[in-house]
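Peer 1: Mind having a look at this structure? Questions to follow.
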Amino acid sequence: MLNLNIDTLIVFGLLSLAMLSVWLPARLVVLKIPVWMGLFGLSALGGFYFNIVEAGGVLYLAALMLLCHLTVTEKFPAPLRVACGFMVVGLVVLLFLHAVPYFHNPPVFDNVYLSERSTAYTKYWNYDKAAAGLIMLAYFGEICRSAVCFKNTFRLAWPAALITVVVTLSLAAGSGYLAPDFKFGTTILVWAWGNLFFTCVAEEMLFRGVVQRYLSVLNPSRTYRLFIVALVGVLFGLAHSGGGPVYVVLASVAGIGYGYVYYRSGRIETAILTHFLLNAAHVVFFTYPMLRI
């Protein structure tokens, strides 16, 4: 069953607009507040009004933003910035694990069969995880702000992105985890909205935009940086252990691909879009989330 009411549309619509506004010129502010921050504030207020976010959750997210600010502000002492960085990762991981009790994430897909051959699919739109993704994107995202930058970035990234999608889905189909199964419709469009903004942005910002980025700067050698790509990719796979051992392997392969795309381009957009394109090809052309035996 697809559950998408007006409360969810308002709160997550504003959150999505806040993410998109991160790509606006950095100097664009309203009443001295960055546009993304104003939209995020409206989303959080809406979440509080509609009982998606409790007051404790709003304070938790505000604390996370403060720690991010301390981490990226160079005028603060390096030890303080490093300590705040570790705390940022810790707070974000708790949000990813839904271990912070102040959020009531709505189940948008509840035991839905996207096709006759697919297993049942249940998916919550997780405000805690999505908000963490927005905050990390705003403070740590290495993003393009010009057409030339986008053109050069994707010229570097598209071959690795294509290989990642083809190899991962080929392994999944070859292992019997998936089977060809074309489908499209309104339900898929709703899935795409949630997957891009509330899954791909958050996961790529944590694993690639923060962990891979900051581990990579410890040593400039190519060998070390490629090792970090592989290491973070495997960690990404292990984070999906709830799907079983086959899924861990497939997610690890995909994670290494996302990491290499980010390594090649230096911009988080490429990793986010590669992640989304793989997931989109999966849901449109194959059984989703997996083949029903």
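Peer 1: If you take the residues of the stretch 174-207 that are among the small types (Gly, Ala, Ser) and either farther than 14 Å from PRO289 by Cβ or part of a loop (DSSP other than H, G, I, E, B) (or both), which of them is nearest to the chain's Cα centre (by Cα)?
Peer 2: Applying the filter and picking the extreme gives ALA202.
Peer 1: Can I ask one more? Name the residue that is surrounded by the fewest Cβ atoms within 10 Å (Cβ to Cβ), counting only residues in the stretch 267-293 that are hydroxyl-bearing (Ser, Thr, Tyr) and within 17 Å of the chain's Cα centre (by Cα).
Peer 2: It comes out as THR270.
Peer 1: So is MET19 part of a helix (DSSP H, G or I), open to solvent by 30 Å² or more (accessible area, probe 1.4 Å) and not acidic (Asp, Glu) or not?
Peer 2: So MET19 fails the test.
Peer 1: In addition: Would you check which residues across the stretch 52-99 are without any contact (Cβ under 8 Å) to a residue 40 or more places away in the chain, surrounded by 18 or more Cβ atoms within 10 Å (Cβ to Cβ) and of a type in the set (Gly, Ala, Ser) and list them?
Peer 2: none
Peer 1: What single numbered condition from (1) under 18 Å from the mean Cα position of the chain (by Cα); (2) modelled with pLDDT under 95 fails to hold for PRO220?
Peer 2: (1)
Peer 1: Continuing with the same structure: Can you tell me how many residues in the stretch 210-236 are free of Cβ contacts under 8 Å to residues at least 12 places away in the same chain, in a helix (DSSP H, G or I) and farther than 20 Å from VAL253 by Cβ?
Peer 2: Going through the stretch 210-236 one residue at a time, the tally reaches 3.
Peer 1: Checking the structure you have, find out if any residue of the stretch 251-266 is more than 18 Å from the chain's Cα centre (by Cα) and either open to solvent by less than 20 Å² (accessible area, probe 1.4 Å) or over 23 Å from MET136 (Cβ atoms) (or both).
Peer 2: No, the conditions are met nowhere in the stretch 251-266.
Peer 1: While we're looking at this one, here's another question. Can you say whether SER16 is among the hydroxyl-bearing types (Ser, Thr, Tyr) and within 14 Å of ILE135 (Cβ to Cβ), as far as the supplied structure shows?
Peer 2: no
Peer 1: Then there's this: For the stretch 138-184, give me the residue count where each residue is open to solvent by 50 Å² or more (accessible area, probe 1.4 Å) and of a type outside the set (D, E, K, R).
Peer 2: 21
The values are calculated or read from the model by the stated rules, or taken from the named source; none is laboratory data. Because the structure is a prediction, the values reported are computed rather than measured. Cβ atoms come from the backbone with ideal geometry, glycine included; neighbour counts cover every protein chain shown. The area values use the complete protein model at the heavy-atom level, side chains included, leaving out ligands, DNA and RNA. Shrake-Rupley method; radii C 1.70, N 1.55, O 1.52, S 1.80 Å.
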